[in-house]
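Single-structure report; data block below.
Derivation of every value follows stated rules applied to the coordinates shown; laboratory data play no part. This is a predicted model, so every value here is computed, not measured. Here the Cβ is made from the backbone with ideal geometry for all residues, glycine too, and neighbour counts use every protein chain on show.
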Amino acid sequence: MEIKKILVPVMGHLRRSRPLEAAALLSKTLHAHIETLYVKPDLTEALRYATGREPTAWMDERMDAFTQEVETMAAGAHTAFVGWAKRHGITLEEFMKSPRPGPTCAWRHFTGTPLAAVARLGRFCDLIVLERPSPPAAVQTDVVCAALFGASRPVFLVPPEPPHELGSAGLVGWNGSQEAMRAMTSALPLLARMQRVVVLTIGAPEGDDPGDDRELLDYLACHGVVAERMRMAADGRPAGERLLHEAAAIGAGLLVMGGFTHSRFREAVLGGATRYVLQAAALPVLLSH
């Protein structure tokens, strides 16, 4: 699949946005359009949630001041966004059916929560760029889940230090699952631009068949990806830790893997590769479910 439309949800002052910096790199690499979605809080709903009751006259008196503060912040964020686009040479242009060649971007508002924004509008994009959750940021993890499960779209997770380039090597975590296949398929436009791609299986996971290796490599070759197949025995360490270790060993600039191939409940209680990578990855990760 091609990646033509990238969604980047943003909030706050937007003085520094790691997802936007990563989206600029992706947009230039793929000649894709960036849909920047500024999420503004619904103040009435926020007050109702915080107090457990309907807004009172006392709250109404202060609503105008709260609203003005939100609008001022949004205006400042838009100014920062325009400056970001200018610095990166990305054209401000509303997305149309046939956008002109070259990286473009647009700005739009959404009133509500990041979870609602991603679940509702993320499905109309090819890729959602999000910041990698930093413990104990459960809300950020919920937004990632909203993208994977609510919008059913692949997610590009940005590490604490956003990349300046994707690098020449990529690692694909492969366990034969549908989630791993979807992640690999979503990443094809990026993997095809890399000089080295390693498809790694750790242990003998359910659903993986060594007899399919030739089919797997042939499929990648059809999309311009010349890949190496690697298998490693399980050694007791968590799969997520092993994936990150091997990614660092080959100098990978991107890790591709299925997200939550076990149930979210099982991963939350027992841990899992996705949970580990969400907490510890120092490189960009493309996840799909």
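Here are the numbers for the structure shown:
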| item | result |
| --- | --- |
| Along principal axes, Cα extents of the chain, largest first, whole Å | 69, 46, 30 |
| GluC sites (Glu not before Pro), loop per DSSP, at most 13 other Cβ atoms within 10 Å - longest free stretch of the chain | 3-93 |
| Contour excess over end-to-end distance, with Cα ends at residue 120 and residue 70 and 0.36 nm allotted per residue | 15.8 nm |
| Listed residues 88, 227, 243: farthest to the positive end of the dipole of the chain (Cβ charges) | 88 |
| Helix axis angle, 213-222 relative to the chain longest principal axis, alpha carbon, degrees | 60 |
| Gained length - residue 218 relative to residue 111, 0.36 nm times residue gap less alpha-carbon distance | 33.9 nm |
| Angle between the chain longest axis and helix 18-30 axis [Cα atoms, degrees, rounded to 10] | 60 |
| Longest segment of the chain lacking trypsin sites (Lys or Arg not before Pro) that sit in a DSSP loop with at most 12 other Cβ atoms within 10 Å | 98-289 |
| Label-to-label distance, nm, for residues given as residue 91 and residue 1 (7 Å Cα→Cβ offset) | 2.6 |
| Estimated [θ] at 222 nm from DSSP helical runs (n ≥ 4, -39500 (n - 2.57)) normalised by residues in the chain, nearest 500 | -13000 deg cm²/dmol |
